[in-house]
Amino acid sequence: MRLFLSTLLALLLFACSGNENPSVDSQTNKIDTIGVLWERVHHCSKLEVAEYTVLKIVSFDDKSQLKFFGYSTPLPGEKRLMVPIEVKMKIIVDLNFVTTNDISVNDSTIDITLPSPTLEITSTKIDHDKSREYVSWFRSNFTEQEREYVIKHGIEDVKKSTSYIEINNIAKSNTEKVLQPILVNAGFKQHLNITFKNPEIKTPNFKD
């Protein structure tokens, strides 16, 4: 399986920039400061912070059993299928659910707690020209339903093999890179630190 990753930071910076307000006055109280921060963050809505393209060869070897008189024996011959698939996914950080309680500010840092990132499948593509079937003459050919079943499970394997640690690390880094200059332009000079809720969850929240 091969994986390619491309970041979307330039587009995100443009999409989130909006109309900048004047710099925050030094007399602005803490409540107002957090309110301005919340407004800036919330303006970005859903951030697509990275995109994955995964190339995988889905293979299946039919090991069906022939049963008679309570005994089972493998069917003779072979029935194998190999299908190349391309799965595109995006890492999403949804800022719509951020509240003022998720933001804290001190002289040196702005700490924001965000919902856990999600990994959404945006498209799948099957390379039919390079698909291969190997079926012995006395075995039945693959049906369309069987092919769809094999491909579906191949996509599930792509999901399961994606590291939640990698997803969280990329989401944290790229979200900070997107939001930091926006907050600086709004008058906030502190270092931005992003954390995610439910960090103990060991599987990303996938969405087809």
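Here are some notes:
- Spin-label model distance (nm) - Phe97 vs His191, 7 Å beyond Cα toward Cβ: 2.9 nm
- Protein heavy-atom accessible surface, 1.4 Å probe, per residue over segment 93-183: 57 Å².
- A DSSP coil position with no more than 15 other Cβ atoms inside 10 Å describes the following chymotrypsin sites (Phe, Trp or Tyr not before Pro) in segment 62-124: Phe69, Phe97.
- Integer Hz, Karplus 6.51/-1.76/1.60 couplings in order for segment 178-189, x for Gly and Pro: 6, 7, 4, x, 5, 5, 4, 5, 8, x, 9, 9
- Of the beta bridges in segment 45-195, as assigned by DSSP with both residues counted there, near 85 percent are antiparallel.
- Accessible-area composition of segment 102-200, carbon plus sulfur, in percent [1.4 Å probe]: 50 percent
- Protection proxy ranking for 158-169, 85-96, using the average of other Cβ atoms within 10 Å per residue and placing the highest first: 85-96, 158-169.
The values are calculated or read from the model by the stated rules, or taken from the named source; none is laboratory data. The structure displayed is predicted, hence computed values, not measured ones. Note: ideal-geometry Cβ built from the backbone for every residue, glycine included; neighbour counts use all protein chains shown. Note: accessible area is taken over every heavy atom of the protein model, side chains too, but ligands, DNA and RNA are not part of it. Shrake-Rupley method; radii C 1.70, N 1.55, O 1.52, S 1.80 Å.
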